[in-house]
2 protein chains.
Amino acid sequence: MSQLTIEDIARLAHVSRSTVSRVLNDHPSVRPEVRDRVWGVIKEHGYAPQAAARHLVTQRTRLIGVLFPRSNQYLLANPVYASIGQGVGQMCTRRGYLAMISLGLGDMEEKMLFNMLRSRHFDGIVLVSSESHDPLPFFLKEARIPYTRIGHDPEGDDEAFVDVDDTEAAYKAVKHLISLGHQRIAIIKGPAAEVCIPRRYSGYIRALQEAGLPIDPLLVAEGDWLHTSGKAGMEHFLQLEHPPTAVFSCNDMMAAGAMHAIYEQGLHIPEDIAIVGFDDVPQTQVIIPALTTIRQPHEEMGSKATEMLIDRLEGKDGQINQVIFSTTLVIRQSCGALRNDATREGLQHIAPIA
Amino acid sequence: MSQLTIEDIARLAHVSRSTVSRVLNDHPSVRPEVRDRVWGVIKEHGYAPQAAARHLVTQRTRLIGVLFPRSNQYLLANPVYASIGQGVGQMCTRRGYLAMISLGLGDMEEKMLFNMLRSRHFDGIVLVSSESHDPLPFFLKEARIPYTRIGHDPEGDDEAFVDVDDTEAAYKAVKHLISLGHQRIAIIKGPAAEVCIPRRYSGYIRALQEAGLPIDPLLVAEGDWLHTSGKAGMEHFLQLEHPPTAVFSCNDMMAAGAMHAIYEQGLHIPEDIAIVGFDDVPQTQVIIPALTTIRQPHEEMGSKATEMLIDRLEGKDGQINQVIFSTTLVIRQSCGALRNDATREGLQHIAPIA
DNA sequence: TTGTAAGCGTTATCAC
DNA sequence: GTGATAACGCTTACAA
């Protein structure tokens, strides 16, 4: 029943297949009467034009591929990617495109991935990557596949991207800790290969220097974004002769891990140690105590990147194609009492904790 | 440079396009010498056949669509779906297919979704749904789109599915609590529209009855799978004249919410109240105390469902097409000391908590 | 406003 | 082992 072609519909509606095609594509020059008759037949038989044939002739698929870092095993479980995906998906539906993400790319050789990309399944790509020297943007450019990037590598030459000012964000987080009176502030970094990490580190350094605080290499740990590495980093800090009184973690998951380590030592947050995260994933509101963190507007970043891509695909040129979003320090309970004028956006979402 | 067609490659390699096609598809009857020459040209120019043209002529896309419940806003953040997706993706790569999930389906009218499905983007669908009377399976059957379902509705007539024995799983969880001496055991259910919920509830009832314990309607709360609803349910229980000493939550997120409520009352887990979850998402090991829960083999369910689907697509018939996976009670810290012979699988993953 | 016909880039069926 | 040639199911000039 659903194997019908446009030809069959044409016959049933007593018109030519061009007319059916016009009806399908909302072409104006079809007599209303005919249009209705054709639609009737289409609906009656549950006909939908076959994507492949359409793609072949138009040379466009109206499909947008979303590429997350392949290294990330459980990428789907990462709420950061979920929010980005949410934004991408919304913009796509709004503009009449379909956003697709393909599973199992991590199990695939790079060659196969590249081939998949080259087969023109997608009109364009939203690339989520803050990896420095990521081969993907180079490949996409060489293969002339339009893309916009979420995150960017200053040493690459991404033409279109959205990102945040990581340096300023980290600076804001650390300054908050300083304003609360902390003098020994540790940092848990992410993988060095991510371009955002040196930036966040420099924000951390700048805040310390501005406050005239010493920079102690012992207070720097390198994590891998995962809970476990945050825990390990914190355990390391707690064994120091002079442990920190506050920690800035480069993402929320590692912050949660750090909190875990703190509890295991029988210490309290924020009384003994204050902690600031990064990202503002939904779980931060559920952790006890609720995590003070830097909010990145992931969803908007996803939709903006997608909008830029679609604009480009549709030839709407002369648009800005590099956007830096601003971050927000969201103050919850993990640093103790408020004593500064940091913005309080997000506070209304906080579940009160006894 | 990448706009080349098979025709161009043929010309450059001094062969016909049939030969290039044969090379591309590993057809045996090509002289090795010719084969190498053609491959050389292909690689040199970064040529890859255009998917649409291929799909049109073969009438197959080797693409498999994964459909998660549309109601789920942040579906991607749900680690259950992440694990399922992992399994689907792995099996697809193994069998030479590509698994795709499309974003923004939630913002889309059902009509549009159906049309998308009918356009034969996908050779088949892995449908993740335990919703009762879900319209999707009916649509897929009517549209003759092959699918396998993860979860199943006994009142529907899904031909191919994988699922778990929810009744037995819930029974196991509650029995564990009983074996630890609990007499007042509450349950936090999920949405009534999910077929697994009545099953889990009946497992709960059976365990209580077998132990000769009374069934108290006050000890039943209905949640919506989310953290907040687990918290609300627990708050309700804690206000009762005779609060429960143990809770069985129908998923891990609500269990975490319940723990939140318990802490807010200044109570302790497991000393004051014991708690068992369901699913065994990775976070259960990170919660404090680590959550005792029922493990569902999500990843295997995903890969099995996919294997069944692909077998069917490839005409490998006579296979079993309905598989019930077994669940495991994973004992961690949220119920206190072990006193029974429940299987200990998963214990090795547990981070010790002071 | 509608129909005819060409063509999109492949694979597959034939001959040779 | 290789090369013409005919589909595949659409969209889109161009005619009528």
Compute the relative contact order of region B:6-58 as a whole-number percentage, counting only Cα pairs closer than 8 Å that sit 6 or more residues apart in sequence.
32 percent
Just list whichever of B:K111/B:K141; A:K175/A:K231; A:K111/B:K43 have alpha carbons separated by over 18 Å in the model shown.
A:K175/A:K231
Anisotropy class of the protein assembly as shown from Cα gyration tensor, a/c 1.5 cut:
oblate
Over region B:254-305, with every protein chain in place, what whole percent of the accessible area is carbon and sulfur at 1.4 Å, could you tell me?
48 percent
How many Cβ atoms of partner chains, on average, are near each residue of B:280-292 if near means within 10 Å of its Cβ?
2
Would you mind pulling out the separation of the Cα centroids of region B:1-77 and region A:45-102, in Å?
21 Å
Sequence gap at least 6, Cα distance under 8 Å: using those rules, report the relative contact order of region B:119-190 to the nearest whole percent.
24 percent
Among A:V66, A:I331, A:W39, whose Cα lies farthest out toward the positive end of the dipole of the protein assembly as shown, if unit charges sit on the beta carbon of Lys, Arg (+1) and Asp, Glu (-1)?
A:W39
Give me a comma-separated list of calculated 3J(HN,Hα) values for region A:290-298, in order, Karplus coefficients 6.51, -1.76, 1.60 applied at θ = phi - 60°, integers in Hz, x for any Gly or Pro.
3, 7, 6, 7, 9, 8, 9, x, 4
How big is the dipole moment of the protein assembly as shown about its Cα centre under a simple scheme where the beta carbon of each Lys and Arg is +1, that of each Asp and Glu is -1, and everything else is neutral? Debye, nearest 20, please.
2140 debye
From the phi of every residue in region A:172-183, what ³J(HN,Hα) in whole Hz does the Karplus formula 6.51 cos²θ - 1.76 cosθ + 1.60 yield, where θ is phi - 60° and glycine or proline is x?
4, 5, 6, 4, 4, 4, 4, 5, 8, x, 6, 10
Can you work out the FRET efficiency for the pair B:D165 and A:E300, with r the C-beta to C-beta distance and R0 = 30 Å, to the nearest 0.05?
0.10
Cross-link reach list, aspartates and glutamates versus B:K172, counting only Cα pairs under 13 Å and skipping chain neighbours closer than eight places
B:E210, B:D341
The long-range amide H neighbours of A:Q322, using H built 1.01 Å from N in the peptide plane and a cut-off of under 5 Å, are A:F161
For A:D157, the net charge from surrounding residues (Cβ-Cβ under 14 Å; K, R +1; D, E -1) works out to -4
Relative to the Cα centre, what is the charge dipole magnitude of region A:6-58, using +1 at the beta carbon of each Lys and Arg, -1 at the beta carbon of each Asp and Glu, and rounding to the nearest 20 debye?
100 debye
Sequence-distant residues sharing a close amide H with A:F278 (under 5 Å, placed H):
A:N251, A:D252, A:I294
In whole Hz and in residue order, list the ³J(HN,Hα) couplings for region B:137-144 that follow from phi through the Karplus curve 6.51 cos²θ - 1.76 cosθ + 1.60, θ = phi - 60°; x for Gly and Pro.
x, 5, 4, 4, 5, 5, 7, 6
Placed amide H near B:C335: partners under 5 Å, 5+ positions off or other chain
B:I275, B:T292
Contact surface A-B: accessible area buried, both sides summed, square angstrom, 1.4 angstrom probe:
5400 Å²
Given a Förster radius of 35 Å and the C-beta distance between A:V34 and A:R60 as r, what FRET efficiency does 1/(1 + (r/R0)^6) yield to the nearest 0.05?
0.85
Exactly which GluC sites (Glu not before Pro) in region B:122-225 are in a DSSP loop and have at most 10 other Cβ atoms within 10 Å?
B:E155
Between B:N115 and B:I215, how high is the FRET efficiency from 1/(1 + (r/R0)^6) when r is the Cβ-Cβ distance and R₀ = 60 Å? Nearest 0.05.
0.80
Based solely on its DSSP helices, what 222 nm [θ] is calculated for chain A when runs of n ≥ 4 H residues each add -39,500 (n - 2.57) and the sum is averaged over all residues, nearest 500 deg cm²/dmol?
-12500 deg cm²/dmol
Which net charge results for the neighbourhood of A:L291, defined as the other residues with beta-carbon distances under 14 angstrom from its beta-carbon, given Lys and Arg at +1 and Asp and Glu at -1?
-1
Relative contact order in percent for chain B (Cα pairs under 8 Å, 6+ apart) equals 16 percent
Rounded to 5, the percent of DSSP beta bridges in the protein assembly as shown classed as antiparallel:
15 percent
Compute the angle between helix A:227-238 and the longest alpha-carbon principal axis of chain A, please, reported from 0 to 90 degrees and rounded to the nearest 10.
10 degrees
With Cα atoms, 0 to 90° folded angle of helix A:32-45 axis to chain A main axis
70 degrees
Among A:T245, A:G156, A:V20, whose Cα projects farthest towards the positive end of the dipole of chain A, with charges put on the beta-carbon of Lys, Arg (+1) and Asp, Glu (-1)?
A:V20
For A:P79, what is the net charge nearby, where nearby means another residue's Cβ is under 10 Å from its Cβ and Lys, Arg count +1, Asp, Glu -1?
-3
Mind jotting down the distance between the C-alpha centroids of region B:136-179 and region A:252-302, whole Å?
37 Å
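The values are calculated or read from the model by the stated rules, or taken from the named source; none is laboratory data. Small disclaimer: the values here were computed from a predicted structure and weren't measured. When we count neighbours, we look across all protein chains shown, and the Cβ atoms used for this are built from the backbone with ideal geometry, even at glycine. With ligands, DNA and RNA removed, areas are computed over all heavy atoms of the protein, side chains included. Shrake-Rupley method; radii C 1.70, N 1.55, O 1.52, S 1.80 Å.
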